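As structure tokens, the structure follows; a few thoughts come after it.
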């Protein structure tokens, strides 16, 4: 599936209006299919409630949102990084598939990311449904998330991890608070707090946004793998 985010505000508005109907329809189809399979096998049928299915579905989404460490990190543990889009020094438009591994479980999220010298836009989708968006003009961050996502899912944290991964190291280093440092060695980037490694990011190629990236958050115990494909400017 290919998608862009040039009309992200229209996408958000449209999905906001139809989300309830779409989810309800999907849940009804899922329940009907599940019930039919049980009946064909002559097994006792236990009908899941919509609430149970919603909870199971959004658990996967919440885990996928660990791209920002959102399920475990206290806000004060973050760096508050908000570099201007122009500091990237490039215009990129990417379609991405993300997998996040934590405690032996792997969950998935699709995303589209666009950055130019004026702004950054990102949308996240789970099972084809819009669950989060970001717009950052270098001064103001505007974020949207679906109400069923945990309140710990913060746009600020997602923006920070995007910039730690892709922005030039000199721009990041200049913005780090006292006691933090970041270094590049070959195709590995490492972030420290004091003498403690907090994060490593391994790149498959340069530029950093091409191909595969593996981000390991050592403090919060998750590994994020990003496969990116350029969709042009």
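Residue count for the range 140-154, restricted to those that are surrounded by 20 or more Cβ atoms within 10 Å (Cβ to Cβ) and within 14 Å of residue 83 (Cα to Cα): 0.
For the range 194-205, the criterion of being within 18 Å of residue 99 (Cα to Cα), more than 15 Å from the chain's Cα centre (by Cα) and modelled with pLDDT under 95 is met by no residue. When 224, 176 are checked against the criterion of being surrounded by 14 or more Cβ atoms within 10 Å (Cβ to Cβ) and under 19 Å from residue 112 (Cβ atoms), a single residue qualifies: 224.
Put simply, of 161, 137, 116, 202 the only residue that is surrounded by 20 or more Cβ atoms within 10 Å (Cβ to Cβ) and either touching a helix residue (DSSP H, G or I) at 6+ places or on another chain (Cβ under 8 Å) or without any contact (Cβ under 8 Å) to a residue 40 or more places away in the chain (or both) is 161. Taking the criterion of being in a helix (DSSP H, G or I), surrounded by 15 or more Cβ atoms within 10 Å (Cβ to Cβ), touching a strand residue (DSSP E or B) at 6+ places or on another chain (Cβ under 6 Å) and at pLDDT 50 or above, would at least one residue in the range 84-95 satisfy it? Scanning the range 84-95, I find at least one residue that is in a helix (DSSP H, G or I), surrounded by 15 or more Cβ atoms within 10 Å (Cβ to Cβ), touching a strand residue (DSSP E or B) at 6+ places or on another chain (Cβ under 6 Å) and at pLDDT 50 or above, so the answer is yes.
The values are calculated or read from the model by the stated rules, or taken from the named source; none is laboratory data. Predicted, not measured: the structure shown is a model, and the values here were computed from it. Don't worry about glycine lacking a Cβ; one is built from the backbone with ideal geometry, like all the others, and counts go over all protein chains shown.
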